[in-house]
Amino acid sequence: MKRYLWSAAVCALLSHAPAVAQELAATPPMGWNSWNHFAAKIDDKTVREIADALVSSGLKDAGYIYINIDDTWESDRDAQGNIRTNSKFPDMKALADYVHSKGLKIGIYSSPGPKTCAKYEGSYQHEVQDAKTYAAWGIDYLKYDWCSAGRVYQRSDMPRVYKQMSDALKATGRPIVYSLCQYGIDKVWEWGAESGGNLWRTTGDISDRWKSMDAIGFKQNGLEKFAGPGHWNDPDMLEVGNGGMTAMEYRTHMSLWCMLAAPLLAGNDVRNMSDETKEILMNREVIAIDQDKLGKQGYRVAQDGTNEVWAKPLAGGEWAVGLFNRGPQTSKITVQWKDLNLTGKHHVRDLWAHQDRGKQKDRFSAEVLSHGVVLLRVK
């Protein structure tokens, strides 16, 4: 009888214990960020409408769950030093409650410096206080942007400064995904995890044009060993649907980010999406490459001029393969199974065409359009 009572008590205790076993950002975070499309023109009303649209469009069901408010939400501090929102965001707690009511999570933005990039109030010397405020509001994600921190810290201070906010967030007891944004300075991928980062920007800001996306995405090769569950390389947000690239180029953008196990943060106006944009952002087979449980980042296995073959190991011994044509003309690109340490015949599926290509021996070839991609899953 005593053994039964003890077991029941333990079970009751465990049933109320926090689920600490679930690793934060076990797969790359997915969601939406306000900056690419709205910049400073973001407010409470728009965020609520975005939350509604994430649900109604099917983006939430596809995995996009974070709604991240970037810069320009901040006002000043009260007499006790607590950060206050400006008139665009009259009640951040109420907004967070609304986002949560939709089954979504909410993120916010700050800087370790005195001011943010847009010259709003930063978290300098208020790190613990701000972390407590974010937790009290119900914030689930923090993007922490270096910006004016260079006025008060040395570059060599970055690991310590970023860890300071990480410790403050953890001390609140609330699980908050922590995004380091300092543009890849001083090889952040080598120390970002030790500073508490769940993800860290590896590059400067992306813009909605092929040249920018191409330069950023294909330079990620070599960083794969630093990525894994709970800590990811971040080549910046998605531009899909903002109008500066072709549909083909956006498919390449989405494919490359998924091969890189990059965070997938949509940056378009999801209230008004074309069917084409929806098809790109919500291709479940492509998203599955990004969200694969093995948590491996892809890497280049072959290159011939502007033709590149990238591979990403997947759970269960499968592979994702991207045939990328960075050049101006259609080109035939081939992946050799030996480059994946495979031999014999293997089943190939084209993830954009949603078609099986049968069992292919030794290699697979495809005609790839200019700035295009053929994305494969190989069993």
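The values are calculated or read from the model by the stated rules, or taken from the named source; none is laboratory data. Bear in mind the structure is a predicted one, so any value in this text is a computation, not a measurement. Neighbour counts are summed over all protein chains in view; Cβ atoms, including those assigned to glycine, are modelled from backbone coordinates with ideal geometry.
Can you name the residue in region 318-372 that is aliphatic (A, V, I, L, M) and part of a loop (DSSP other than H, G, I, E, B) and, of all such residues, is surrounded by the fewest Cβ atoms within 10 Å (Cβ to Cβ)? First the steps, then the outcome.
Taking region 318-372 as the starting set, the residues that turn out to be aliphatic (A, V, I, L, M) are 320-321, 323, 333, 335, 340, 342, 348, 351, 353, 366, 368-369.
Adding the requirement that they be part of a loop (DSSP other than H, G, I, E, B) leaves 342, 351, 353, 369.
On the way: Leu342: 15, Leu351: 23, Ala353: 11, Leu369: 15.
Filtering region 318-372 for residues that are aliphatic (A, V, I, L, M) and part of a loop (DSSP other than H, G, I, E, B), the one surrounded by the fewest Cβ atoms within 10 Å (Cβ to Cβ) comes out as Ala353.
Tally up the residues in region 198-219 that are under 16 Å from Met245 (Cα atoms), of a type in the set (Lys, Arg) and either touching a helix residue (DSSP H, G or I) at 6+ places or on another chain (Cβ under 6 Å) or surrounded by 24 or more Cβ atoms within 10 Å (Cβ to Cβ) (or both), please.
Here is the first cut: in region 198-219, the ones under 16 Å from Met245 (Cα atoms) are 206-217.
Narrowing the set further to residues that are of a type in the set (Lys, Arg) leaves 209, 211.
Next, from what is left, pick out any that are either touching a helix residue (DSSP H, G or I) at 6+ places or on another chain (Cβ under 6 Å) or surrounded by 24 or more Cβ atoms within 10 Å (Cβ to Cβ) (or both): none.
Looking only at that region, the number is 0.
Residue-by-condition table, conditions (1) of a type outside the set (D, E, K, R); (2) over 24 Å from Met92 (Cα atoms); (3) crowded, with 18+ Cβ neighbours inside 10 Å:
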position	(1), (2), (3)
Ile139	yes, no, yes
Ala149	yes, yes, yes
Asp167	no, no, no
Val177	yes, no, yes
Lys187	no, yes, no
Gly192	yes, yes, yes
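Answer yes or no: is there a residue in region 131-145 that is within 21 Å of Val177 (Cα to Cα), free of Cβ contacts under 8 Å to residues at least 40 places away in the same chain, part of a helix (DSSP H, G or I) and of a type outside the set (Phe, Trp, Tyr). Lay out the reasoning, then the answer.
Step one: of region 131-145, the residues within 21 Å of Val177 (Cα to Cα) are 131-145.
Then drop every residue that is not free of Cβ contacts under 8 Å to residues at least 40 places away in the same chain, which leaves 142, 144.
After this cut, where a residue has to be part of a helix (DSSP H, G or I) as well, the list is none.
Checked against the condition, which is being within 21 Å of Val177 (Cα to Cα), free of Cβ contacts under 8 Å to residues at least 40 places away in the same chain, part of a helix (DSSP H, G or I) and of a type outside the set (Phe, Trp, Tyr), region 131-145 yields no hits at all.
Provide a single number: the residues in region 299-308 that are touching an Asp or Glu at 6+ places or on another chain (Cβ under 7 Å) and either free of Cβ contacts under 8 Å to residues at least 24 places away in the same chain or not hydroxyl-bearing (Ser, Thr, Tyr) (or both).
Taking region 299-308 as the starting set, the residues that turn out to be touching an Asp or Glu at 6+ places or on another chain (Cβ under 7 Å) are 299-302.
Filter once more, keeping what is either free of Cβ contacts under 8 Å to residues at least 24 places away in the same chain or not hydroxyl-bearing (Ser, Thr, Tyr) (or both): 300-302.
Count: 3.
Run Asn307 past the list (1) under 23 Å from Glu224 (Cβ atoms); (2) out of contact with any Lys or Arg (no Cβ under 8 Å at 6 or more places or on another chain); (3) among the polar types (S, T, N, Q) and report the number of the one that doesn't hold.
Only one criterion is unmet by Asn307, namely (2).
Any chance region 290-303 includes a residue that's in contact with a Leu (Cβ under 7 Å, 6 or more places away or on another chain) and of a type in the set (Phe, Trp, Tyr)?
The answer is no; no qualifying residue exists.
Restricting to region 218-267, name every residue that is assigned to a helix (DSSP H, G or I) and closer than 16 Å to Trp200 by Cβ.
Restricting attention to region 218-267, the residues satisfying the condition of being assigned to a helix (DSSP H, G or I) are 218-220, 224-226, 247-259.
Listed by number, the residues that qualify are Lys219, Gln220, Glu224, Lys225, Phe226, Trp257.
Got at least one residue in region 185-195 being closer than 19 Å to Ile69 by Cα and either in the same structural domain as Leu142 (by TED's automatic domain parsing) or not in a helix (DSSP H, G or I) (or both)? It would help to see each step written out before you state the result.
Quick first cut of region 185-195, residues closer than 19 Å to Ile69 by Cα only: none.
No, region 185-195 contains no residue that is closer than 19 Å to Ile69 by Cα and either in the same structural domain as Leu142 (by TED's automatic domain parsing) or not in a helix (DSSP H, G or I) (or both).
Tell me, yes or no, whether region 213-234 has at least one residue that is closer than 16 Å to Leu351 by Cα and modelled with pLDDT of 95 or more. Write out each step before concluding.
Filtering region 213-234 down to residues closer than 16 Å to Leu351 by Cα leaves none.
Checked region 213-234: no residue is closer than 16 Å to Leu351 by Cα and modelled with pLDDT of 95 or more.
Pairs needed: first member in region 155-181, assigned by TED's automatic domain parsing to the domain that holds Thr133 and touching a residue at least 24 places away in the same chain (Cβ under 8 Å); second member anywhere, of a type in the set (D, E, K, R) and exposed (fewer than 15 other Cβ atoms within 10 Å of the Cβ); C-beta distance under 8 Å; at least 6 residues apart or different chains.
Arg155/Asp186; Ser156/Asp186; Met158/Asp186; Pro159/Glu194; Lys163/Glu194
What are the residues in region 196-212 that are in a loop (DSSP other than H, G, I, E, B) and either at pLDDT below 95 or closer than 17 Å to Thr27 by Cα (or both), if any?
To start, the set of residues in region 196-212 that are in a loop (DSSP other than H, G, I, E, B) comprises 196-198, 202-209.
Within region 196-212, Gly196, Gly197, Asn198 qualify.
Can you tell me how many residues within region 170-202 are touching a Phe, Trp or Tyr at 6+ places or on another chain (Cβ under 6 Å) and closer than 17 Å to Glu23 by Cα?
Final tally of qualifying residues: 7.
Report, by residue number, each residue of region 68-83 that is farther than 10 Å from Ile139 by Cα and either touching a residue at least 24 places away in the same chain (Cβ under 8 Å) or surrounded by 14 or more Cβ atoms within 10 Å (Cβ to Cβ) (or both).
Ile69, Asp70, Asp71, Thr72, Trp73, Glu74, Ser75, Asp76, Arg77, Gly81, Asn82, Ile83
This table checks each residue for (1) touching a helix residue (DSSP H, G or I) at 6+ places or on another chain (Cβ under 6 Å); (2) free of Cβ contacts under 8 Å to residues at least 60 places away in the same chain.
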position: Gly196; (1), (2): yes, yes
position: Asn221; (1), (2): no, no
position: Glu224; (1), (2): no, no
position: Glu249; (1), (2): yes, no
position: Asp269; (1), (2): yes, no
position: Asp275; (1), (2): no, yes
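Restricting to region 89-110, name every residue that is farther than 30 Å from Ala149 by Cα and either in contact with a Ser or Thr (Cβ under 7 Å, 6 or more places away or on another chain) or of a type in the set (D, E, K, R) (or both).
Result: Asp97, Lys102.
Mind listing whichever residues of region 158-184 are of a type in the set (Phe, Trp, Tyr) and outside any helix (DSSP H, G or I)? Let's see the steps before the verdict.
We begin by selecting, within region 158-184, every residue of a type in the set (Phe, Trp, Tyr); these are 162, 178, 183.
The answer is Tyr178, Tyr183.
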